[in-house]
Amino acid sequence: MARVAMRGLNKKYDEVHAVIDVNLEIRDQEFVVLVGPSGCGKTTTLRMVAGLESITGGQITIDEKVVNELPPMDRDIAMVFQNYALYPHMTVYDNMAFGLKMRKFARPEINRRVQEAADILGIRELLKRKPRQLSGGQRQRVALGRAIVRHPQVFLFDEPLSNLDAKLRVQMRVELKKLHERLGTTAIYVTHDQVEAMTLGDRVVVMRDGRVQQVGDPMELYNQPANRFVAGFIGSPAMNFVPVRIAAQNGSLWAESESLRIKVPAPIAPRLGPYAGKQATLGVRPEDLRIANGADTKDLSFDVAIEVVERLGSEILLDVAAGPTTMVASVEPNVTAKVHERVALAINPDRMHFFDMQTEDAI
């Protein structure tokens, strides 16, 4: 059973506290993605699990065994790097076999494992080539193959797709997911791309400034973000945020700003009761905004001016201005919208989010 646990994990570089009190348990055969902006501590966390970085404080266990002081080669892990890290003078076969040769595996076993990995990845015809003769996607498969032949307890991925073009990244995401299901090995994957995180992860760990902000399955993070940072980081295009004042009137609560006045839905109102007369932040995703029609009430709509129209085929993104507030709305591709046109946008009342102005925690 390859369970990875981090308890009170910390990493300091002189005065920089790069990783702060990370507590995380990764279950056997689970695919967990660490995601966040550059400098959030996700790669440092991964490198501590790999043994490539020393631990300032806390504990890491792999398969119930404390590995804080174990060298990387004794941790039974395999790591796939962003830059592939292939030996340019070796063939694909030798690159994949190198680690096994260093561990004194018998030649027949090395050959069996390399051929098996090559079949899984569809690169058998590349085994005699050198890395310079390969495309980026092929090099990434070789790097994966070098990890697979190890039969490790844990796979560690450090932004392995970031050097690929957009189309190939999508293809490799699908292949990585299939590969994980086939091998059934525990995996920890680092990326700054929230789309990768949402599509690959059984669970996603969102990090910021060295701290874990929220852990959950992708739809949990999308639907119930713990704070404003997670809400803005997960989802593309990003969530819109509007500073509002919560006003009580005739037994109802309203979210008011200079440019909109939205009635707070009844299911949300009890949570916002303590904020009556105070400031809060309204969050609404672009896909939860639409062009208002006759059936939409004025309680849940507001006027905007269209500033930019982005036609993407499957959807249209409208960059709009509601007074001093700019927002993005994702609308149906058949909508006829023009720059400088004034329209009314309606909000999906079941998809409104509110955040505390000071703590930025979800209300």
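More than 22 Å apart: what percent of Cα pairs in the stretch 183-284 qualify? Here the tail beyond 22 Å accounts for 44 percent of pairs.
Quantify, in whole percent, the carbon and sulfur part of the accessible surface of the stretch 1-64 (1.4 Å probe; protein heavy atoms only). Its accessible area is 42 percent carbon and sulfur atoms. Do any of 11/130; 128/178; 42/104; 12/278; 65/130; 42/167 go past 28 Å between their Cα atoms, and which? From 11/130; 128/178; 42/104; 12/278; 65/130; 42/167, over 28 Å: 11/130; 42/104; 12/278; 65/130. Each eigenvalue of the Cα gyration tensor of the stretch 103-170, multiplied by 5 and square-rooted, gives one semi-axis; in descending order these are 23, 15, 9 Å.
Label-to-label distance, residue 248 versus residue 163, with points set 7 angstrom from Cα along the beta-carbon direction: 6.1 nm.
Averaged per residue, the stretch 1-55 has 42 square angstrom of accessible surface, using a 1.4 angstrom probe with ligands and nucleic acids left out. Among the GluC sites (Glu not before Pro) in the stretch 1-51, those located in a DSSP loop and surrounded by at most 16 other Cβ atoms within 10 Å of their own Cβ are 15.
On average, how much accessible surface per residue is there in the stretch 204-345, in Å², for a 1.4 Å probe, leaving out ligands, DNA and RNA? Don't jump to the answer; show the numbers that get you there.
Values: 6860 Å² over 142 residues.
Heavy-atom SASA per residue in the stretch 204-345 reads 48 Å².
Please list 151, 180, 89 from largest to smallest accessible area, probe radius 1.4 Å, with all protein chains kept in place. Walk me through the numbers on the way to the answer.
Values: 151 85, 180 25, 89 125 Å².
Ranked list, largest accessible area first: 89, 151, 180.
Multiplying each eigenvalue of the alpha-carbon gyration tensor of the stretch 195-345 by 5 and taking the square root yields semi-axes of 26, 24, 13 Å, largest first, rounded to whole angstroms. Between 0 and 90 degrees, rounded to the nearest ten: what's the tilt of helix 166-183 against the longest Cα principal axis of the chain? The angle comes out at about 60 degrees. Axis of helix 92-102 versus longest Cα principal axis of the chain: the two differ by about 70°, to the nearest ten degrees.
What Kirkwood Rh does the stretch 167-212 have if only Cα atoms enter the pairwise 1/r average? Answer in Å. Walk me through the numbers on the way to the answer.
Values: mean 1/r = 0.0856 Å⁻¹.
Evaluated on the stretch 167-212, it is 11.7 Å.
For n ≥ 4 DSSP H runs only, could you compute -39500 (n - 2.57) per run for the chain, divide by its residues and tell me the 222 nm figure to the nearest 500? Let's see the in-between values first.
On the way: 9 runs with 89 residues, N = 363.
Helix-only estimate at 222 nm: -7000 deg cm²/dmol.
Determine the share of the stretch 282-343's accessible area contributed by carbon and sulfur atoms, expressed in whole percent, with a 1.4 angstrom probe. Mind dumping the intermediate values first?
Values: 1660 of 3310 Å².
C and S fraction of accessible area: 50 percent.
What fraction, in whole percent, of alpha-carbon pairs in the chain exceed 29 Å separation? Above the 29 Å cut-off, the chain has 52 percent of its Cα pairs. When each of the peptides 171-179, 197-205 is scored by how many other beta carbons lie within 10 Å of its residues on average, the order from highest to lowest is 197-205, 171-179. If you average the sequence gap of Cα pairs under 8 Å that are 6 or more apart and divide by the length of the stretch 12-161, what percent do you get for the contact order? Once divided by the residue count of the stretch 12-161, the mean separation gives 28 percent. The order of the peptides 285-295, 125-135 by mean Cβ neighbours within 10 Å, most packed first, is 285-295, 125-135. Taken over the stretch 273-339, the alpha-carbon convex hull comes to 115 cubic angstrom per residue. Take every Cα pair under 8 Å whose residues are at least 6 apart in sequence, average their separation, divide by the length of the stretch 186-300, and the relative contact order is 19 percent.
Of the heavy-atom accessible surface of the stretch 119-242 (probe 1.4 angstrom), what whole percent is carbon and sulfur?
46 percent
The values are calculated or read from the model by the stated rules, or taken from the named source; none is laboratory data. Since we're looking at a predicted model, the values are computed, not measured. Glycine also receives a Cβ, built like all others from the backbone with ideal geometry; neighbour counts cover every protein chain displayed. Note: accessible area is taken over every heavy atom of the protein model, side chains too, but ligands, DNA and RNA are not part of it. Shrake-Rupley method; radii C 1.70, N 1.55, O 1.52, S 1.80 Å.
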